[in-house]
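A short worksheet on the structure shown next.
The values are calculated or read from the model by the stated rules, or taken from the named source; none is laboratory data. Only a predicted model underlies this, so the values are computations on that prediction, with no experimental measurement involved. Here the Cβ positions follow ideal geometry from the backbone for every residue, glycine too, while neighbour counts run over all protein chains shown. SASA here: full protein model, heavy atoms, side chains in, ligands and nucleic acids out. Shrake-Rupley method; radii C 1.70, N 1.55, O 1.52, S 1.80 Å.
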Amino acid sequence: MHRPKTPTRLIRWVLAMTMVWLTSCASRQATVTPYMAGDQPANGVVYYLPKTQLRIHFVISEEQFEPGALVAYASRYLGESYATQPTTRYQIERVAMHAHGVPDTTQSYLIQSVATPSVEQLAALTPEGLLYSLHGKAYKPSTTDYLADYPKGVTQQEASQALPQEYALATSRAKQAEVAASRLFELRERRVELLSGQVETMPCDGPALKMVLDGLDKEIAALQALFAGRTTRRYYEEIVDVPIDEPASQQVVARFAPQYGLVDKADLSGAPIYISIEALDHPTQQSDAELHKLAKSKALRYIEPGRARVSLQLPERSQAVMLDLSVAQWGRTALLEHKLGADKLGQLPYTIYFDLTSGSISLIELPQQ
């Protein structure tokens with residue numbers, strides 16, 4: 001059977017369209033090149049590899065004592081002696097350490113893409129410019145509330161709520177102390193009578209009795225504070241960032257004084273807080289050939305980090321706080337050899353998430369079939 005010949009012009013057109021399609025597929029791939037600060041790229045985004053720091057969280061309690069307004073009369077009316085000077089004391093309640101990544105300005109790179117997906121779709125960065133994901137979700141910051149287990153504040157009853165009108169009408173401190181002491185003894189006696197059942201009308205059940213006793217206890221404490229004084233306590237957080245350069249032994253990172261709290265390491269009023277950093281894995285330097293390949297490559301860079309062990313020693317505590325962590329600047333810069341961007345069908349081949357503290361690959365997700 002005779003078959004019609006395919007026109008030469010049609011064959012040439014098909015070949016031309018095939019080349020255009022292949023070129024467009026190749027153009028989907030993104031390129032990564034070193035970025036110099038001050039350059040103004042026409043397109044693309046700049047990302048940084050991280051430098052690892054140590055972040056230390058101190059939860060500190062501040063205890064303040066204020067003498068009572070009637071402390072001078074405590075001995076006369078209550079037969080007690082109380083402190084007459086205000087004091088403030090601090091105490092370290094908790095210490096937590098973790099790695100923290102900051103941009104390494106010597107490791108900055110420009111990602112450029114001229115087709116779908118765009119650079120914004122391809123790479124997700126943190127606000128500081130650290131690379132978070134490739135083909136993945138956008139970065140969402142997360143924080144840990146180290147104060148979550150500590151009271152946010154205590155509402156205290158004022159003594160005036162438990163005092164009779166006679167107290168307000170008193171013309172001298174001595175008279176006020178007499179009225180307050182009389183009311184204090186009255187409330188104490190009433191409490192004893194409730195507990196012993198020696199009252200005409202008892203609360204109807206246990207919960208009702210407890211509610212009455214709790215109310216009396218608050219009034220008694222408020223009156224007692226007029227003589228004995230009041231102690232308040234608050235909890236707050238201090239953060240100290242420690243750069244990691246080389247292994248260190250017994251390095252002072254801060255100081256602590258019970259009278260002042262956490263102070264600068266140069267402030268000799270506090271006892272030193274020591275840190276030691278031990279290298280667990282410190283890779284050898286890359287060869288000239290490897291460095292040349294890194295400089296010429298247009299592949300994405302990430303880090304194969306080193307490892308360190310940190311020991312933090314607090315004043316007057318025998319047990320050190322320990323932490324093992326990955327250190328970006330102790331590692332090696334590596335290349336992600338797989339091309340960036342979509343495959344020939346326009347599909348994203350995989351998802352990669354990077355560790356923001358060490359620059360390493362933390363998770364690889366394959367596409368769902």
- Query: (1) open to solvent by 30 Å² or more (accessible area, probe 1.4 Å); (2) in contact with a strand residue (DSSP E or B) (Cβ under 9 Å, 6 or more places away or on another chain); (3) under 30 Å from residue 76 (Cβ atoms): which one isn't true of residue 229, the others all being true?
  - Reply: (1)
- Message: I'm trying to understand the selection: among the residues of the stretch 257-279, which are charged (D, E, K, R) and under 24 Å from the mean Cα position of the chain (by Cα)?
- Response: 264, 265, 278
- Among residues of the stretch 128-137 being on the phi < 0 side of the Ramachandran plot and touching a Phe, Trp or Tyr at 6+ places or on another chain (Cβ under 8 Å), the residue surrounded by the fewest Cβ atoms within 10 Å (Cβ to Cβ) is 128
- Taking the stretch 282-317 and the residues there that are assigned to a loop (DSSP other than H, G, I, E, B) and not polar (S, T, N, Q), the one that is surrounded by the fewest Cβ atoms within 10 Å (Cβ to Cβ) would be 316
- Query: Which ones in the stretch 43-64 are open to solvent by 30 Å² or more (accessible area, probe 1.4 Å) and either hydroxyl-bearing (Ser, Thr, Tyr) or modelled with pLDDT of 95 or more (or both)?
  - Reply: 48, 51, 53, 55
- Query: Filter the stretch 151-176 for residues that are open to solvent by less than 100 Å² (accessible area, probe 1.4 Å) and assigned to a loop (DSSP other than H, G, I, E, B); which is modelled with the highest pLDDT?
  - Reply: 172
- Say whether the condition of being open to solvent by 40 Å² or more (accessible area, probe 1.4 Å), outside any strand (DSSP E or B) and touching a residue at least 60 places away in the same chain (Cβ under 8 Å) is met by at least one residue in the stretch 262-281. no
- Every residue from the stretch 183-202 that is open to solvent by 70 Å² or more (accessible area, probe 1.4 Å), of a type outside the set (A, V, I, L, M) and in a helix (DSSP H, G or I): 185, 186, 188, 189, 190, 191
- Message: Within the stretch 65-74, take every residue that is out of contact with any strand residue (DSSP E or B) (no Cβ under 8 Å at 6 or more places or on another chain) and either hydroxyl-bearing (Ser, Thr, Tyr) or open to solvent by 50 Å² or more (accessible area, probe 1.4 Å) (or both) and give me the one that is farthest from residue 263 (Cα to Cα).
- Response: 73
